[in-house]
Structure formats: C-alpha cells, structure tokens
Amino acid sequence: MKIRMRTIGLIGYLTLLMLPIYWMLNMSLRENNDIMSRLAFYPHHPTINNYVQIFTDPSWYMGYVNSFAYVGINTVISLLVALPAAYAFSRYRFLGDKHLFFWLLTNRMAPAAVFLLPIFQLYSELGLIDTYLAVALAHTLFNVPLAVWILEGFMSGVPREIDETAFIDGYSLPRFFLTVFLPLIRAGVGVTAFFIFMFSWVELLFARTLTITEAKPIAAVMTRTVSASGLDWGLLAAAGILTIVPGALVIYFVRNYIAKGFALGRV
Amino acid sequence: MRLTLQNVGKVVNGKTHLYGIDLELESGSFNVLLGPTQAGKTSVLRLMAGLDRPSSGKILEDDNDVTTVGVRKRNVAMVYQEFVNYPSFTIYKNIAAPLRRTKHLSKAEIDVKVRATAEMLHIERLLERLPAELSGGQQQRVALARALVKDAPLLLLDEPLVNLDYKLREELRSEMRQIFSYGTTTVVYAATEPSEALMFGGKTGILDAGRLLQYGPGLEVYHRPVTARVSEIFSDPPINLIGASIGPQGCRLSLNVVFPLADHMRSLSPGDYRVGIRANQIGVVNRSGNGIVIHATVELAEFNGSETYLHARHGDFTMIALLNGVREYALGEAVSLYFDPSRLFVFDVAGELVAGPEWKPYNTKAA
C-alpha cells in the first residue's frame with residue numbers, strides 16, 4: 001500500500017511538472033483559431049504547419065542559427081580561458097590566489113543589468129554591436145568564473161602525483177595537459193560545457209540588447225509574434241518546443257555528472 | 001650516478017621539514033631511508049627528484065650542481081606510495097610513456113623494452129588493460145615497470161609497498177631484491193619498517209623529525225646505532241630502553257635488578273645511563289646460562305605470524321619480548337624473562353651510544 005501511495009504521489013508530481021510543457025506541445029500542433037475557440041486536452045486536428053513555418057522562414061530559423069552561433073563561440077572561449085585558469089588555481093600557490101579565486105565568483109553576484117550599460121557603450125564604440133562575438137564575449141563575464149570554479153573542483157580531484165609522474169617521465173606541461181590530464185577530467189569538462197551552454201542559451205537581456213537584426217537570438221525573435229492581430233499562439237508554442245530541445249539533448253549527455261557539477265566538482 | 005646532498009634544508013610556510021642534511025650516495029648503491037612517518041623521507045626524495053627546491057644547501061649529481069634544475073631536466077624515476085599510473089592509458093602505453101618522451105627510440109626498440117620490463121614484473125599478460133582494471137599489487141607493478149624501463153641513473157621509491165597487503169608485499173619485495181641486485185642505478189628506497197632496510201641490504205640512512213641521524217651500511221647501523229633514537233627506529237618491535245646506573249656493585253636497572261657488568265661495559269665510568277635490549281634478545285628460558293632474570297606479569301601477548309610479542313610489566317615499566325612460535329599467556333600471569341647482559345646497548349643520558357654488544361662486520365671481500 002505504501003509503495004502505491006508513493007507511486008501515485010510521484011505520478012501526480014510529474015504530471016504537474018510536465019503539464020506546461022505538454023500544453024505547449026499541444027498548442028504547437030494546433031491552428032490558431034482552434035486554440036482560441038475551445039479547450040482541447042489533445043490536438044483534435046493535429047498539424048505541423050507551425051513547425052514548417054519556422055523551418056522555412058529565415059527570420060525564424062536564423063534566430064536558432066544566431067543563438068547556436070554565439071552560444072557555441074561563448075562555450076569555446078569560456079572553456080579555453082577557464083581550463084588553464086582552473087589548473088593554475090588547483091595546482092599552484094601564488095600571491096593572492098585565494099582572493100582572486102573568490103573575486104571571480106563575485107562577478108556572478110551582481111545582476112546582469114548592472115553590466116549592461118558599460119558593455120553596451122563599450123561595444124558600440126568598438127563596433128561590435130549586432131555580432132555573435134558581442135553576445136559571446138558579454139556572456140563570458142558570467143560563464144568564465146563559473147567554469148573556473150567547476151573545473152577547479154574536478155581538477156583538484158586528480159592526485160597531484162599524476163602531474164609529477166608525467167613531469168618525471170618527461171612530459172611538457174601542454175602535452176601532459178592535453179594527453180593525460182584532459183581525458184581524466186572529461187566528465188568535468190562536459191558538465192562545465194553544459195552549464196555554460198545553459199546560461200548562454202537562456203540568457204535574454206544581453207542577447208537582446210547587444211543585437212539588432214543580424215545576430216538576433218531566438219528568444220528575441222519570439223517576441224516578434226506580438227502583432228496587431230494579437231499573438232500567434234501556435235507558432236510561438238512550436239518555437240518554444242524547439243528552444244527546449246537543445247537543452248534537453250545536452251542534459252541527456254551529462255545526466256550522470258550534473259549533481260557533481262552543481263556541487264562545483266566537490267563531491 | 002653519485003648523488004650528494006650538502007647541508008640541504010627545507011622550510012615550508014615557516015615550518016622546518018628538513019634540517020641541514022649531508023648525504024653522499026655512491027653510484028650504483030642501494031640506499032634505504034628509514035624513519036617513522038613525518039620524518040621527512042618523502043621531502044628528501046622530492047628534493048632528490050627535483051620536484052621541490054631546497055630552501056638551503058646544494059644538491060650535486062656527480063659533480064654537477066642540480067640544485068635549481070627542475071624535474072623535467074633531470075633523469076630520474078620515481079615510484080610513489082599510492083599507485084600512480086596514467087588512468088586513461090593502457091598498461092602498455094603507461095610503461096612506454098617515459099621512453100616516448102625522453103628517449104629517441106624507434107617503435108620496435110620501445111616495444112622490446114616495454115615487453116621485457118613487463119615480463120620482469122610479471123604483468124606481460126595485462127598490457128592491453130587499463131590501470132583501473134588491475135589489483136593494487138598489479139598497479140604498483142606497473143608503476144615500478146614505468147620507473148625501471150626508463151633506466152634512469154637515479155631511482156627513487158617512496159614506500160612503494162606500504163599500501164599492499166602482507167602477502168603481496170612479501171612477494172614484490174623479494175622480486176625487487178632480485179631486480180635491484182644487478183644494475184648500476186643509484187636507488188633510494190624510503191621505508192618505515194626496519195625489516196625492509198635489512199632485507200634489501202645496502203646502506204641505511206635513519207631519518208627522524210627532519211634530521212639525518214645516521215648513514216652507513218645497514219647492518220652496521222643496526223648493530224652500532226649512534227643514538228638511542230636510532231636504535232628505536234631501527235627495531236621492530238621497539239627496543240626496550242631502561243634507565244640504569246653503573247656503580248661499584250655493577251649495573252642497576254631502574255627495575256631494581258642488579259647484575260655484574262658484562263665485558264663490553266667494563267670501561268664505563270660510574271653514573272646514570274640508559275640500556276637498550278632488543279625484544280628478540282629477551283626470552284623466557286635462560287638460554288645462555290648467564291641470563292639475568294626479570295620477574296614480570298603478562299599484560300598482552302600478540303601473535304604475529306609465527307612469533308609472539310609478549311608485553312610484560314615489571315613495576316611501572318612494560319617490556320616487550322619477541323618469542324618464537326605462538327604462545328598463549330593469561331593476562332596477569334607471572335613470567336620470568338631472561339636477557340644476556342652481553343647483548344645490551346648502553347647509551348649515555350644524552351642518548352649517545354657508549355657501549356654496544358660485540359659485533360664484527362661480516363666482510364665477504366677478504367683481503
């Protein structure tokens with residue numbers, strides 16, 4: 001009996017969690033006037049027209065391309081910067097190392113809006129506005145500190161003796177790092193990439209402010225459907241579903257390591 | 001390679017780990033660094049390897065000053081207490097790693113060396129596996145193989161057998177004796193167990209609290225410890241150190257036992273001393289005939305394989321006797337312990353050895 005109660009409870013909880021997503025999926029497969037006219041728990045006349053429109057209209061699908069572009073650039077930059085930094089924090093003692101390490105995290109304590117004005121002004125002067133690089137660079141401000149913290153935790157879990165053995169065996173530092181060390185922390189790199197990806201993917205403020213048309217992210221494109229004739233419910237729901245998919249895919253690949261990532265690698 | 005440490009000290013965060021160590025290791029010698037944990041054995045090895053820089057003093061390889069030369073530029077091999085291998089490499093790649101990085105050998109030459117070394121350590125059938133798939137003993141064999149294959153002139157072993165179980169330790173130890181018996185490599189082996197120092201032969205250095213107390217041939221250090229502390233470190237079970245005074249009536253132990261002076265104690269002037277008796281020199285039968293008896297009560301009898309450690313109390317002093325065979329004693333049982341006064345070490349109050357039992361170095365190279 002006890003087990004059944006628990007099962008019912010879990011099913012109820014899961015239903016509550018999945019309901020909005022299901023409702024969005026439901027809407028994305030219906031026509032607009034159908035959505036507006038009646039309550040339907042499943043699409044009575046399912047249609048994929050909304051999806052077709054997104055995949056055929058450049059102003060829609062370019063939103064995804066733009067998002068992927070700056071998220072990708074940001075992930076690469078953040079990892080390239082954070083890997084050596086995390087190694088240094090993990091292996092070397094230098095003047096002010098602990099303060100610097102903490103200062104990194106304080107970058108995440110201020111609301112993003114605080115940095116918006118200086119960054120917008122600076123990028124305008126540099127002519128970076130409306131480029132992928134603008135958004136990618138702005139996001140590193142938040143992603144590099146997080147990446148350094150997560151990676152440092154994973155790296156400190158690797159015994160220092162492995163480094164020393166490699167140096168005794170004649171490895172140079174870059175070669176050791178690439179051939180011996182990176183494979184040991186690849187789960188950590190994966191989790192870090194996931195956190196970077198997720199932040200950059202869902203961040204809207206910077207992505208919208210620093211872009212105009214050329215690099216407009218999908219989340220900004222979605223606000224476009226508000227028009228004189230009202231909202232295009234079905235199209236918006238389809239875009240929403242497509243926006244969830246990449247995140248879900250990434251989570252699937254790192255599902256076994258996410259808990260360790262949330263603990264900054266210190267489990 | 002001859003390795004020389006000149007007044008080498010190490011200070012970390014204001015704490016002194018090593019006090020001015022002077023040591024000269026001959027080329028091709030086997031050296032055991034013996035000392036309790038925290039004695040500074042690992043610190044010394046790390047300095048020898050070039051992993052750390054000394055805070056003071058000089059390190060010479062042959063006649064070259066290598067004090068500031070980093071580990072990558074030195075030609076050393078090292079085995080850690082923990083089983084350190086490259087987890088993402090197969091055993092084959094693990095053993096081949098130092099050859100690929102330091103020597104310019106062809107693939108075939110590397111292959112021959114890797115397989116020969118693996119065979120020597122009986123891991124030739126594991127070459128395709130990953131380190132995590134091996135047992136602890138096999139993992140340490142891989143680490144040893146990686147150190148040996150490099151054929152470095154200096155091989156450092158930091159308690160390589162400590163994390164293995166008893167049987168594996170014995171097995172690997174006897175194999176290592178054979179491996180090290182031929183070779184021109186200078187070997188430094190850190191150990192906490194006196195038996196390891198004696199088993200490998202060679203020279204022994206006694207380290208304690210960051211100081212090198214004595215360095216010399218293992219048996220000489222065993223039979224002629226310069227201080228009471230050396231004899232303590234180089235005895236397992238611990239040597240029995242008892243306060244004593246020498247007067248006109250002979251030697252009086254603080255246990256209220258009086259006995260005439262043995263031959264080697266005759267020259268000592270009257271006064272206070274400490275005497276040391278190794279546990280294996282105390283028995284429950286008066287074997288030599290002129291043994292001195294101590295009446296004591298049993299506190300504990302531990303069995304260690306085929307031996308018994310008997311802890312017995314006399315007054316407020318507990319002494320340990322090492323008896324052959326497994327012998328059972330009841331708690332509080334009265335026992336008579338005998339020791340031969342001619343086997344006594346006598347230390348002065350400061351701990352310096354002033355008289356030791358008769359011992360002649362066994363010299364195989366008869367002139």
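Taking neighbour Cβ counts within 10 Å as the exposure measure, how do B:His17, B:His122, B:His104 sort from fewest upward? Write down the numbers at each step before the final one.
Values: B:His17 21, B:His122 14, B:His104 7.
Least to most surrounded, the residues fall as B:His104, B:His122, B:His17.
Quick one: divide the alpha-carbon radius of gyration of chain A by 2.2 N^0.38 Å and tell me what you get. Provide the component values of the computation, followed by the final result.
Numbers: Rg = 22.7 Å, N = 267, 2.2 N^0.38 = 18.4 Å.
Compactness ratio reported: 1.23.
Show log10 I(q)/I(0) for region B:240-355 at q = 0.20, 0.23 Å⁻¹, two decimals, from a solvent-free Debye sum over equal Cα scatterers.
-1.06, -1.31
May I ask you to list the trypsin sites (Lys or Arg not before Pro) in region B:259-309 that are in a DSSP loop and have at most 11 other Cβ atoms within 10 Å of their Cβ?
Values: sites: B:Arg266, B:Arg274, B:Arg278, B:Arg287; in loops: B:Arg266, B:Arg278, B:Arg287.
For trypsin sites (Lys or Arg not before Pro) across region B:259-309 that sit outside H, G, I, E and B with at most 11 neighbouring Cβ atoms in 10 Å, the list reads B:Arg266, B:Arg287.
Which lysines does B:Lys113 reach when only Cα atoms under 26 Å apart count, and residues fewer than 8 places away in its own chain are ignored?
B:Lys73, B:Lys93, B:Lys103, B:Lys150
Relative contact order for chain A: what percent, with Cα pairs under 8 Å and sequence separation of 6 or more? Walk me through the numbers on the way to the answer.
Values: 259 pairs, mean separation 86.8, N = 267.
Once divided by the residue count of chain A, the mean separation gives 33 percent.
Restrict the search to region A:38-89; then list the chymotrypsin sites (Phe, Trp or Tyr not before Pro) that DSSP places in a loop and that have at most 14 other Cβ atoms within 10 Å of their Cβ. Before the final figure, lay out the partial values.
Details: sites: A:Phe41, A:Tyr51, A:Phe55, A:Trp60, A:Tyr61, A:Tyr64, A:Phe68, A:Tyr70, A:Tyr87, A:Phe89; in loops: A:Phe41.
Listed in order of number, the matching sites are A:Phe41.
Seen from all sides and averaged, what is the projected area of the convex hull of the Cα atoms in region A:160-214, in nm²? Walk me through the intermediate numbers first.
On the way: hull surface 23.4 nm².
In nm², the orientation-averaged hull projection of region A:160-214 is 5.8.
Counting only other chains, and only Cβ atoms inside 10 Å, what mean value do you get across the residues of B:82-90? Before the final figure, lay out each step's value.
Working: counts 3, 1, 9, 2, 11, 6, 7, 3, 0.
The mean count of partner-chain Cβ atoms within 10 Å per residue comes to 5.
Using the beta-carbon distance between A:Ile48 and A:Ser124 and R0 = 35 Å, what value does 1/(1 + (r/R0)^6) give for FRET efficiency, to the nearest 0.05? Write out the running numbers ahead of the final one.
Numbers: r = 41 Å, r/R0 = 1.18.
According to the calculation, E is roughly 0.25.
Against the globular-protein guess of 2.2 N^0.38 Å, express the Cα radius of gyration of the protein assembly as shown as a ratio, rounded to two decimals. Intermediate results must be reported in sequence, preceding the final value.
Values: Rg = 36.3 Å, N = 634, 2.2 N^0.38 = 25.5 Å.
Taking N as the residue count of the protein assembly as shown, the ratio is 1.42.
At 0.36 nm per residue, minus the direct Cα-Cα distance, what do A:Ile8 and A:Ala263 gain on full extension? Give it in nm, one decimal, please. Present the calculation step by step, with values, prior to reporting the outcome.
On the way: separation 255, 0.36 × 255 = 91.80 nm, distance 3.07 nm.
Result for the pair: 88.7 nm of gain on full extension.
Between region B:3-49 and region B:291-367, what is the C-alpha centre distance in whole Å?
First find each Cα centre; the distance between them is then 32 Å.
Please list, ordered by chain and number, the residues whose modelled amide H lies under 5 Å from the amide H of B:Gln81; skip anything fewer than 5 residues away on the same chain.
Hits under the 5 Å cutoff: B:Asp158.
Say R0 is 30 Å: what FRET efficiency, to the nearest 0.05, do B:Trp359 and B:Thr184 get from their beta-carbon distance? Intermediate results must be reported in sequence, preceding the final value.
Values: r = 30 Å, r/R0 = 1.01.
The calculated FRET efficiency here is 0.50.
Compute and list, largest first, the equivalent-ellipsoid semi-axes of region B:174-243 from the alpha carbon gyration tensor, each √(5λ) rounded to a whole angstrom.
24, 13, 10
Can you give me the orientation-averaged projected area of the convex hull built on the Cα atoms of chain B, in nm²? The partial results should precede the final answer.
Working: hull surface 90.8 nm².
Reported value for the Cα convex hull: 22.7 nm².
Please average, across the residues of B:3-14, the number of beta carbons from any other chain that are within 10 Å of each residue's own beta carbon, and give a whole number. List each step's numbers first, then the result.
Numbers: counts 0, 0, 0, 0, 0, 0, 0, 0, 0, 0, 1, 0.
Other-chain Cβ atoms within 10 Å of each residue's Cβ, averaged: 0.
Sort the following peptides by mean Cβ neighbour count (other Cβ atoms within 10 Å, averaged over residues), highest first: B:350-361, A:239-250.
Per-residue mean Cβ counts within 10 Å order the peptides as A:239-250, B:350-361.
Determine by what factor the alpha-carbon radius of gyration of region B:126-205 differs from 2.2 N^0.38 Å, reporting the quotient. List each step's numbers first, then the result.
On the way: Rg = 12.9 Å, N = 80, 2.2 N^0.38 = 11.6 Å.
Relative to the rule-of-thumb radius for its length, region B:126-205 sits at 1.11.
Within straight cross-link reach of B:Lys360, meaning Cα distance under 30 Å, which lysines are found once same-chain residues fewer than 8 apart are removed?
Output for B:Lys360: B:Lys41, B:Lys203.
D for region A:1-151, whole µm²/s, Stokes-Einstein with Kirkwood Rh over alpha-carbon pairs at 20 °C and 1.002 mPa s: what number? Intermediate values should be presented prior to the final figure.
Working: Rh = 20.3 Å.
Calculated translational D: 106 µm²/s.
Go ahead and estimate [θ] at 222 nm for chain B from helices alone: -39,500 (n - 2.57) per DSSP H run with n ≥ 4, summed, over the residue count, rounded to 500.
Values: 8 runs with 84 residues, N = 367.
Value at 222 nm, helices only: -7000 deg cm²/dmol.
For every other residue with a beta carbon closer than 12 angstrom to the beta carbon of B:Met319, add +1 if it is Lys or Arg and -1 if Asp or Glu, then tell me the sum. The partial results should precede the final answer.
Details: positive: B:Arg278, B:Arg313; negative: B:Glu299, B:Asp316.
Residues close to B:Met319 contribute a combined charge of 0.
Which longest uninterrupted range of chain A lacks any trypsin sites (Lys or Arg not before Pro) assigned by DSSP to a loop state (not H, G, I, E or B) and surrounded by at most 16 other Cβ atoms within 10 Å?
On the way: sites that count: A:Arg38, A:Arg93, A:Arg108, A:Arg255, A:Arg266.
The answer is A:109-254.
Gap in Å between the Cα centre of region B:155-224 and the Cα centre of region A:1-44?
72
Add +1 for every Lys or Arg and -1 for every Asp or Glu among the other residues with Cβ under 10 Å from the Cβ of B:Thr192, and state the total. It would help to have the intermediate numbers written out before the result.
Numbers: positive: B:Lys41; negative: B:Glu159, B:Glu193, B:Glu196, B:Asp236.
Spelling it out: positives minus negatives among the neighbours equals -3.
All other residues with a Cβ under 13 Å from the Cβ of A:Arg93 taken together, and with Lys, Arg as +1 and Asp, Glu as -1, what is their net charge?
Working: positive: A:Arg91, A:Lys98, A:Arg160; negative: A:Asp97, B:Asp52.
Neighbour charge sum, excluding A:Arg93 itself: +1.
Tell me, what is the percent relative contact order of region B:3-226, built from C-alpha pairs under 8 Å that lie six or more residues apart? Provide the component values of the computation, followed by the final result.
Numbers: 405 pairs, mean separation 67.8, N = 224.
Across region B:3-226, relative contact order equals 30 percent.
FRET efficiency for B:Ser342 and B:Tyr309, Cβ-Cβ distance as r, R0 = 22 Å, nearest 0.05?
Numbers: r = 23 Å, r/R0 = 1.07.
Efficiency, from the Cβ-Cβ distance: 0.40.
Run through region B:104-171 and list the GluC sites (Glu not before Pro) located in a DSSP loop whose Cβ has at most 13 other Cβ atoms within 10 Å.
Working: sites: B:Glu109, B:Glu119, B:Glu124, B:Glu128, B:Glu133, B:Glu170, B:Glu171; in loops: B:Glu128.
Of the GluC sites (Glu not before Pro), the ones in loops of region B:104-171 whose Cβ has at most 13 other Cβ atoms within 10 Å are B:Glu128.
Bear in mind these aren't lab numbers, they're just calculated from the coordinates by the rules spelled out. As the structure is a computational prediction, the values presented were derived from the model and not from experiment. Virtual Cβ from ideal backbone geometry, glycine too; neighbours counted across all protein chains shown.
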